[in-house]
Amino acid sequence: MIRKILKWSGIIIGTVLLLALISYSFVSYRISGRMNKHYQFAAEQIPIPADSVSIAHGRHLTLIKGCTECHGDNMAGGLMADDFPLGRLAAPNLTRGAGGIGARYGTQDWLRTLRHGVAPDGRPLLLMPSHEFTVLSQTDLADIVAYCRQLPAVDQTMPSTKVGPVIRVMAYLDKLPLLPVEKINHDAPIVKTADTTEGVALGKYLSISCSNCHRSDMKGGDPLAPGQPPVPNITASGEPGRWTKEEFFRTLRTGITPAGRQLKSENMPWTMTARYTDKELSSLYQYLHSLE
Ligand code: HEC
Ligand code: HEC
């Protein structure tokens with residue numbers, strides 16, 4: 001009897017493993033096909049300013065849009081992950097130094113990466129959130145490029161990115177923006193202007209940076225990855241809907257909620273939201289409170 005049970009459990013486990021292997025091979029093959037695709041988009045040009053106010057604004061944008069969280073504070077490259085199930089995820093060196101892309105990038109190359117999610121050779125950029133940057137206004141795009149172009153040169157060659165099984169499966173299930181190029185409306189022209197006065201419109205514009213995680217309706221949902229906390233609803237109907245503006249500011253700047261809970265910056269990037277100005281946080285607060 002015991003032997004029979006063991007034999008049958010062996011067959012069942014073996015079959016399950018085999019099926020898992022076959023499905024994974026299929027998923028991995030499909031994702032590789034999408035990663036190896038080549039894209040071509042018409043080159044775009046905009047004037048790039050060189051004055052110190054625009055460059056300082058560009059620096060601010062690289063902080064609040066998370067560029068420095070991935071590419072490093074000096075933008076000379078950063079390792080986002082390097083372990084087995086995830087893979088090796090490296091954000092490249094953007095300076096003019098050896099191993100950096102700065103020296104060979106023209107305005108059209110910067111715009112192609114930020115607006116279309118592809119490298120100058122047409123290769124789709126992996127995990128680089130261009131679907132958030134494509135909706136930035138022309139002024140914001142120009143200021144980011146102005147800042148990036150004058151970064152001090154740093155010599156650093158980053159390793160190439162190797163996407164592991166967890167990322168492949170999550171990308172296949174559309175749980176992770178591995179290929180932002182697929183999420184972009186490439187026919188949409190550059191946004192001419194965005195409201196820059198404090199208020200709901202500016203808050204909505206800024207909330208694009210929250211939408212990857214809190215979803216476009218800001219109502220949150222399932223955890224973004226296995227082992228992570230669920231993503232909370234941050235509209236008027238969620239917990240932060242009851243917070244005062246001061247409590248909202250404190251949470252986004254220190255990661256400590258009004259209930260005294262410390263949010264981990266790996267889950268909720270408060271090190272990024274800490275960089276928002278009072279005007280920007282106030283606008284986000286007004287926008288989120290306007291949503292039911
Ligand atoms: C979530 C992490 C993340 C954020 C945020 C991010 N990047 Fe990236 N970026 C990457 C990764 C990863 C790559 C490399 C993708 C690849 O090679 O497939 C990349 C690639 C690039 C490239 C193309 C380099 C090349 O190889 O030609 C440029 C330019 C760039 N990023 C600029 C920016 C700027 C500017 C910002 C902010 C506005 C930004 N990135 C924000 C992760 C990020
Ligand atoms: C990388 C994903 C990610 C991004 C981007 C992100 N959040 Fe979060 N946020 C989370 C997660 C996950 C939590 C829950 C963390 C926990 O419970 O430990 C959270 C928690 C919060 C909380 C606390 C809510 C509560 O009920 O305690 C607020 C407020 C918040 N986020 C606002 C924002 C705003 C505003 C933005 C955009 C400017 C933003 N988040 C961007 C993932 C993200």
Residue among Thr15, Thr235, Thr193 with the largest mean-square fluctuation in a Gaussian network model of the chain, springs linking Cα atoms under 10 Å | Thr15
Tell me, what is the 1.4 Å probe accessible area of Trp8, in Å² to the nearest 10?
-> 140
Where only protein heavy atoms count, and the probe is 1.4 Å, what is the accessible area per residue for region 96-154 in Å²?
-> 34
On the protein heavy atoms, probe 1.4 angstrom, tell me the percent of accessible surface of region 1-134 carried by carbon and sulfur.
-> 64
Surrounding charge for Thr273, neighbours by C-beta under 13 angstrom, Lys/Arg +1, Asp/Glu -1, total +1
Trypsin sites (Lys or Arg not before Pro) restricted to DSSP loop in region 202-292 with at most 13 other C-beta within 10 Å | Arg261, Lys264
Å² of accessible area per residue within region 200-290, as computed with a 1.4 Å probe and no ligands counted = 51
Going down the list Lys175/Lys264; Lys7/Lys162; Lys175/Lys245, which pairs span over 28 Å between their C-alpha atoms?
-> Lys7/Lys162; Lys175/Lys245
Between region 1-58 and region 91-122, the alpha-carbon center distance in angstrom | 23
Region 151-223 shape via C-alpha gyration tensor axes, a/c threshold 1.5 | oblate
Working with all protein chains in place, sort Ile5, Ile46 by solvent-accessible area computed with a 1.4 Å probe, largest first.
-> Ile5, Ile46
Could you grab the relative contact order for region 200-290? Cα pairs under 8 Å, six or more apart, rounded to a whole percent.
-> 35
State the antiparallel share, in %, of DSSP beta bridges confined to the chain, rounding to the nearest 5.
-> 85
Can you give the charge dipole size of the chain about its Cα centre, rounded to the nearest 20 debye, using +1 on the beta carbon of Lys and Arg and -1 on the beta carbon of Asp and Glu?
-> 1160
Taking Cα atoms only, helix 245-254 is inclined relative to the longest principal axis of the chain by an angle, in degrees rounded to 10, of 60
Mean residue ellipticity (222 nm) of the chain, computed from DSSP H runs ≥ 4 via -39,500 (n - 2.57), nearest 500 | -12500 deg cm²/dmol
Using a 1.4 angstrom probe on heavy atoms only, work out the carbon and sulfur share of the accessible area of region 200-290 in %.
-> 55
Relative contact order for the chain using alpha-carbon pairs under 8 Å, separation at least 6, rounded to a whole percent?
-> 18
Near the amide H of Ile256, under 5 Å away, which other amide H atoms are found, from residues 5 or more places off or on another chain, if H is placed in the peptide plane?
-> Leu263
When DSSP assigns beta bridges and you keep just the ones with both residues in region 52-183, what percent turn out antiparallel, to the nearest 5?
-> 90
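The values are calculated or read from the model by the stated rules, or taken from the named source; none is laboratory data. Just so you know, these numbers come straight off a predicted model, no measurement behind them. Using ideal geometry, Cβ is built from the backbone for each residue, glycine included, and neighbour counts are taken over all protein chains shown. For the accessible areas, the whole protein counts, side chains as well, though only heavy atoms, and no ligand, DNA or RNA atoms are used. Shrake-Rupley method; radii C 1.70, N 1.55, O 1.52, S 1.80 Å.
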